[in-house]
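Here's the structure we're looking at; comments come further down.
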Amino acid sequence: MLGTNWLAKARMAKLGRGLAVCGLLAVAACGGATGEDSGPVRVSVWAWYPEFKGVVEAFNASHSDIQVDWTNVGTGPDQYAKLKTAFTAGKGAPDVAMVEFQQIPTFVILDGLADMGPYGANEDKDLYAEWAWSQATDGEKVYAIPVDGGPMALMYRKDLFDQHGIPVPTTWAEYADAAARIKAVDPDAYIASFGSDGGWLNGLMWQAGCRPYGYSQAKAKDEVKINLTAPECKKVVDLYGDLVDKGLMAQDKFFTADATAALDSGKYWTWAAAGWTPGYVAGSLKNTAGKWAVAPMPQWTAGADEQGDWGGSTFTVTKQAKNPQAATTVARELFGRSKAAWDIGLNKAFLYPLVKDVAADPAFTGKAYEFFNGQKVNEIFVPVSQKLGEFQYTPFQDFVFKDLNDRTAEAMSGGREWSTVLEETQKNVVAYAEKQGFKVSR
Amino acid sequence: MTIGGAGNRTTVKTRLPHVLMAAGILYFLVPLLWVVIAATKSQPDLLDSPALWFAEFNLVENIEQLFREDDGVYGQWLLNTALYSGLSALGATALAAAAGYGLARFSFVGKRLFETALLGMIMVPATALVLPTYLILSELEIVDTMWAVILPSLLSPFGAYLVRVYVAESVPVELIDAARIDRAGELRIFWQIAVPMMRPAIVTVFLFTLVATWNNYFLPLVMLSDADLYPLTVGLTTWFNTAQQEAGTRMLFNLVVTGSLLAIVPLVVAFVLLQRFWRSGAAAGALK
Amino acid sequence: MTRSIPITAPAADSPPPPHRPVESRSRRRSRRVTAHPVAGALFVLPFFLVVVAFLIVPLGYAFWLSLSSKSLALGTRFTGIDNYVRAFTDPVLLDGLLRVVLFGLVQIPIMLGIALAGALTLDAVTTKFALAFRLIAFMPYAVPAVVGALMWGFLYSRTFGPFADLPTFVGGDPIDFFSSSLLLLSLGNIVTWAWTGYNMIILYSALQGVPREMYEAAVIDGATPVQIALRVKVPAIKQAISLAAIFTVIGTMQFFTEPAIMARFAPQISAGYTPNLYAYNQAFAYSDFHYSAALSFALGFLVFVVAYAFVFINRRRGARS
């Protein structure tokens, strides 16, 4: 095992080297690729997982021929912005980059991601949940190795629902009823918040059977399907819009301090959350710990079993990787079958594993959460992940989510009818796609 | 430039201006006070306790945690910020001082054109430059190094403009001509005669460029991807994003607040202490 | 005040009595012949090189980029001024421009008004309290815009901040500073907080340079301090005021950091909330560097035109009076 301080030392050494060399030599000689010394292949990785340092250490300790240099260049959009500039510039990208599922087609069309198929990545097909593998690949081309996901379920304040005798909703109609009853017993409370989060709304639409996007570069690079106005999609926005309009649903943006505080103060009674949520909330909701429970998502049709996913990420190998074979190994094995990595991933970083064996492990499914008063919540999340079907994204998902966010923001502030949100987004997205040279179908 | 001391001004003591100034002090100070108070709180207290009053005193722990988090990367950010802004400000000031002096006291081909362009240069939005600069520096393989932040920061048209205006006003031509008659070299004249007389303008340009680089966010955000090279502004926003993203696994809001406080203090102190120097320089710029 | 500067003021302007006697321009010219023409150019050369490397070349490159388009499906091709046609017919950009202009029309006069009032007060009142006011008002300038925006984000929030709940003490609803109706005001407040003190100090410094002789007569005639301030001092520092206004206009047109940071609190801040934010998103979220370059270039050009128009109008007015 390496000492815990090695990373810090490596950083200092790197900086020191940079300063010395850059100070002495001509400016143009600075930066860029590190020297080609013999010894293990060094693979650079960009990722923002919590507690990732231990995962990197575990990888480096178990590999003598490949060593990982990890950098956290920022969360989500911050890192993507850097990746996009690096792809545009033709240099500066890492060998391996963490990328969320909905971004994979975007980076594929930017010609940034390498196909890991030739390097043996197809062998991993059966290791991962089917829906995740299909999003990470395009036919035989493997653009990403899944890591974690976010199967959705309903987190709710069991104590409050019990106390007021309100049944936990099993359908969305019941959910709307519960919203009204909650308002009636506590005027300051809401059933939940409409969190202005693209991935969250997407997960809800996914769960409603809405499949608004379709894209396969392998089939046709310039053909894309966009159908946001299908009834399955509209019913989600209609329901939530109605709750917002009636004042039964709050409007705090998720993950802000306000939203977190509201979850912890009894202001919100539910949260349609994801498999990573238990870890997320356990540390920050101190007052209400032990009072929450998890139930399956309310269904659009009573007795149905439709599910959705919110979030999740993968490792990709960029086309700028100096050694794609080694990079592929890193992408496959940083988590992959690594017990040590998943030990950190499950217990410290609270990732929801997309490796089927890990998710099925009794150590995971049988884990009782104090935050949920001893409930074994993974018994709910794991079947959801197994049930998830195929869902595709556009190669310009940032634009779609941003436009959807802007339109729902207009609706929340009263500047737009909720019923026109998806129509307007559909219109804007189609116009954008056509401008980008796509043939758009519904 | 000498400025009439406050003593020879009419001293007016009326209640209204003081009431208004008190309101102003409150307005400008309360947010800063909030940072000071909030920096003394633990993350749970930050969420729970009254915003403008102290809870359990946690400042020492916050600072300790601040310098420990991510292997003490905050200390690195502080150092980087000081290094980038120090070098940029020194370089930009030197360039601006020489150029301003050259423009004010010499004539050469293209001078008028250059002077006219100077005001235009001030108006170019920085964001318009960052992206093409990134692509160019990336060709030269110096993105993601400190030079990618420092070199573009050497550009200070406003500094050159200010020095030029100041020299025209405060460095007499006679003095320079007298030195020339004594066969002093141009560089020596600049260094020994002009620079001492330009000091207020130089201090002003130095401080303004220092603040500009210290506070710069966009340029380092685009140029740097190695967290060990970040300045405070980029580092703190990264932490803030992480705090929002991973509230459960890491306690970072208190660190963002404490880190902000420590990022502000050096500049506030520098400005208050150096006020007397730079204010007269600013006056020269303002008068024009 | 001194009119020996060809950049800002033509010699035709009638200067108020200068602070210190300055020789006429023609006399300087004749004396300067002794200087080395090459030496002068050498002093400017290093600066000029930096201008070329980090201003002219990037601008040229941006312009060149803006003349072609890259669509995701079709790749890159030369499109001439298409990007500019698109920009000036792009409702998102036009909305953003309109928003920034509205913002500036309200925020700039308020901020400069407060700054001017503060500067005049400081010029007339010389108590210790005034000194404290001067120092404190300036402090926000030293706060990085990023930190300032994060700070106000906390202060505006119901959880961290002291302000949102104020109305509840008198039975009202808490204020949502991030709601679309208040958002622009909330942003305006951040900018006002950060920059008022800076402008105040600039104007105050200018006031300090106003020679006392200019209003001694008024004092003897028994004019009140307010009368002196409005009739003598303000006209005397008109140049400084308009310069401060120009720089504020330039800054407002480039509005970016505050809305970019506040977007993390306020979903109402759309992708094209300000033109600069739009240019940023085009490049870094939608990967359209060509259109982004065109947006930046068009915006820079607009800023340039507005600022020069401002200088021009100001000069005309100055010449008339």
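None of the figures in this text is laboratory data; all of them are computed from the coordinates on show. Fair warning: this is a prediction, and the values are worked out from it, not measured in the lab. A quick note on method: Cβ atoms are made from the backbone with ideal geometry, for glycine too, and the neighbour counts reach across all protein chains shown.
Can you list the residues of the stretch A:108-130 with backbone N under 16 Å from a point 7 Å past the Cα of A:Ser62, pointing along Cα to Cβ?
A:124, A:127-128
Under the classification rounded if a/c is under 1.5, otherwise prolate if a/b is larger than b/c and oblate if not, where does chain A fall, given a ≥ b ≥ c as square roots of the Cα gyration tensor eigenvalues?
On the way: a/c = 1.88, a/b = 1.46, b/c = 1.29.
Prolate, since a/c reaches 1.5 and a/b exceeds b/c.
Give, in whole angstrom and from largest to smallest, the semi-axes √(5λ) of the equivalent ellipsoid of chain C, with λ running over the eigenvalues of the Cα gyration tensor.
Details: eigenvalues 304, 223, 55 Å².
Equivalent ellipsoid of chain C: 39, 33, 17 Å, largest first.
Pick out which of B:Ser153, B:Ser138, B:Ser107 has the largest mean-square fluctuation in a Gaussian network model of chain B, springs linking Cα atoms closer than 10 Å.
Its mean-square fluctuation being the largest, the pick is B:Ser107.
Restricting to chain A, what percent of DSSP beta bridges are antiparallel, rounded to 5? Write down the numbers at each step before the final one.
Details: 28 of 42 bridges.
Bridges in chain A that DSSP calls antiparallel: roughly 65 percent.
If r is the Cβ-Cβ distance from B:Asp182 to A:Lys91 and R0 is 45 Å, what FRET efficiency results, to the nearest 0.05?
Details: r = 55 Å, r/R0 = 1.22.
Once the sixth-power term is evaluated, E becomes 0.25.
Please report the Cα spread of the stretch B:44-141 along all three principal axes, rounded to whole Å, starting with the longest.
67, 36, 24
Can you list the aspartates and glutamates whose alpha carbon sits under 19 Å from that of B:Lys111, skipping same-chain ones fewer than 8 residues off?
B:Glu169, B:Glu186
Would you kindly calculate the translational diffusion coefficient of the protein assembly as shown, applying Stokes-Einstein with the Kirkwood radius from alpha carbon pairs, for 10 °C and a viscosity of 1.306 mPa s, and quote it in µm² s⁻¹ without decimals? Walk me through the numbers on the way to the answer.
Details: Rh = 30.9 Å.
It diffuses with D of about 51 µm²/s by this estimate.
Kindly express, to the nearest 10 degrees and within the range 0 to 90, the angle between helix A:198-207's C-alpha long axis and the longest C-alpha principal axis of chain A.
60 degrees
Gap in Å between the Cα centre of the stretch C:197-271 and the Cα centre of the stretch A:308-322?
Here the answer is 51 Å between Cα centres.
For chain A, what is the charge dipole size about the Cα centre, in debye to the nearest 20, if Lys and Arg each add +1 at the Cβ and Asp and Glu each add -1 at the Cβ?
On the way: 43 positive and 52 negative charges, 167 e Å.
The calculation lands at about 800 debye.
Once label points are set 7 Å from the Cα along Cα→Cβ at both C:Met214 and A:Asp111, what is their separation, rounded to one decimal in nm?
It works out to 6.2 nm between the two label points.
Among A:97-110, C:38-51, what's the highest-first ranking by average C-beta atoms within 10 angstrom per residue? If you can, show how the numbers build up before the last one.
Details: A:97-110: 24.1, C:38-51: 19.2.
Ranking, from highest mean packing down: A:97-110, C:38-51.
Using a Förster distance of 45 angstrom, determine the FRET efficiency expected from the C-beta separation of B:Arg199 and C:Arg316, and round it to 0.05.
0.80
Treat each spin label as a single point 7 Å out from the Cα along the C-beta direction, and report the A:Lys339 to C:Thr224 distance in nm.
8.7 nm
Where both partners of a DSSP beta bridge lie in the protein assembly as shown, what percent of those bridges are antiparallel, to the nearest 5? Don't jump to the answer; show the numbers that get you there.
Details: 32 of 46 bridges.
Expressed as a percentage, antiparallel bridges in the protein assembly as shown total about 70.
Mind checking the alpha-carbon convex hull of the stretch B:62-285 and giving the volume per residue in Å³? Write down the numbers at each step before the final one.
Numbers: hull volume 32.8 nm³, N = 224.
Dividing the Cα hull volume of the stretch B:62-285 by its residues yields 147 Å³.
Given an 8 Å cut-off on Cα distances and at least 6 residues of separation, report the relative contact order of the stretch B:184-276 as a percent. If you can, show how the numbers build up before the last one.
Values: 27 pairs, mean separation 17.8, N = 93.
Dividing the mean separation by the residue count of the stretch B:184-276 yields 19 percent.
Neighbouring Cβ atoms within 10 Å as the yardstick, rank C:Tyr61, B:Tyr101 fewest first.
Values: C:Tyr61 17, B:Tyr101 28.
Taking fewest neighbouring Cβ atoms as first place, the list is C:Tyr61, B:Tyr101.
What FRET efficiency do you get for C:Ser179 and C:Arg231 if R0 is 35 Å and r is their Cβ-Cβ distance, rounded to the nearest 0.05?
On the way: r = 43 Å, r/R0 = 1.24.
Plugging the Cβ-Cβ distance into 1/(1 + (r/R0)^6) gives 0.20.
Once label points are set 7 Å from the Cα along Cα→Cβ at both A:Lys435 and A:Ser216, what is their separation, rounded to one decimal in nm?
3.0 nm
Taking the 0 to 90 degree range and rounding to the nearest ten, how far is the long axis of helix A:172-185 tilted relative to the main principal axis of chain A, both from C-alpha atoms?
70 degrees
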